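Remarks on the structure that follows.
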Amino acid sequence: LKDKRPYGLYLFNSLLHAHIDSSKKIMPVTNGVNLDSMISEKSTMLFIGDQFGLQNNELDVILTKVSNGSDLFISFNELTENIYERLFDKVEISYDYADSVNVFIGKNRLTQYYLYQNDTLAHQWKAFYAIQPKDAAVYRSLSSFMEMSNLVRINYGKGYIFLHTNPEFFFNYQLKREDGYRFTSF
């Protein structure tokens, strides 16, 4: 969150602090030891990173909070198997291998680039090829590319689970670009 290098989340963290009501608390969590006591009744839990995993008891705590009205946003490249098993009857991830991807939010098109040392490089832009949440839960695609969803919102009790397959959209280098900033604002 404090890393100012191109692949850090410093700008995302700064925007988060700038746009969150000052009466709200932002608490980075590094382990699940006190997870239950840290999450208030109406919380928004965010994870942005390469790999996201929870032990089953941690997952139970978070999903109970979501079921009671909190929201969970995970932007990931990889999820642990227990999370897939708990949330989906069927899920298939596919990708487009290119130096950029045109992401659609409704009729708005935002171009995202994968940069390394000021060059665009080919990258695996992951998205949901097929998805069926558990118990026929209702879900909605919020953004997509190549007719595949890369951000979905799943109704979960009184709350929502947002799953996003491209954490690189929130990296510092992306937020310095207008389309990257617009996606994060969305």
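The values are calculated or read from the model by the stated rules, or taken from the named source; none is laboratory data. Since we're looking at a predicted model, the values are computed, not measured. Positions of Cβ are generated from backbone atoms using ideal geometry, with glycine treated the same way; all protein chains shown enter the neighbour counts. Note: areas computed on protein heavy atoms with side chains; ligands, DNA, RNA excluded. Shrake-Rupley method; radii C 1.70, N 1.55, O 1.52, S 1.80 Å.
Can you give me the Rg/Rh ratio for the chain, using Cα atoms for both radii and the Kirkwood formula for Rh?
Answer for the chain: 0.95.
Taking all protein chains as shown and a probe of 1.4 angstrom, T184 keeps an accessible surface of around 30 Å².
Per atom type, the chain shows carbon and sulfur on 47% of its accessible surface, probed at 1.4 Å. Separation of the alpha carbons by more than 30 angstrom is noted, of K25/K90; K134/K176; K65/K126, for K25/K90; K134/K176.
Note on the range 43-186: with charges restricted to the Cβ of Lys and Arg (+1) and Asp and Glu (-1), its dipole about the Cα centre is near 580 debye. Membrane-span-like helices in the chain, defined purely by DSSP H runs whose alpha carbon atoms cover 24 Å or more axially and whose average Kyte-Doolittle hydropathy reaches -1.0, do not occur. Placing unit charges on the Cβ atoms of the charged side chains and taking the dipole of the chain about its Cα centre, the candidate lying farthest along the positive direction among L175, Y114, V103 is L175. Figure note: H17, H123 ranked by solvent-accessible area, largest first, 1.4 Å probe, ligands and nucleic acids not counted: H17, H123. Using the 1.4 Å probe convention, the accessible area of the range 1-126 works out to 64 Å² per residue with neighbouring protein chains retained.
Computed about the Cα centre, the dipole magnitude for the range 1-126 is approximately 560 debye when only Lys and Arg (+1) and Asp and Glu (-1) carry charge, each at its Cβ. Solvent exposure of S185, expressed as accessible area, is near 80 Å², computed with a probe of 1.4 Å over the protein chains only. DSSP beta bridges confined to the chain are antiparallel in about 75 percent of cases.
The residue among V91, N56, L15 whose Cα reaches farthest toward the positive pole of the charge dipole of the chain, with charges on the beta-carbon of Lys, Arg, Asp and Glu, is L15.
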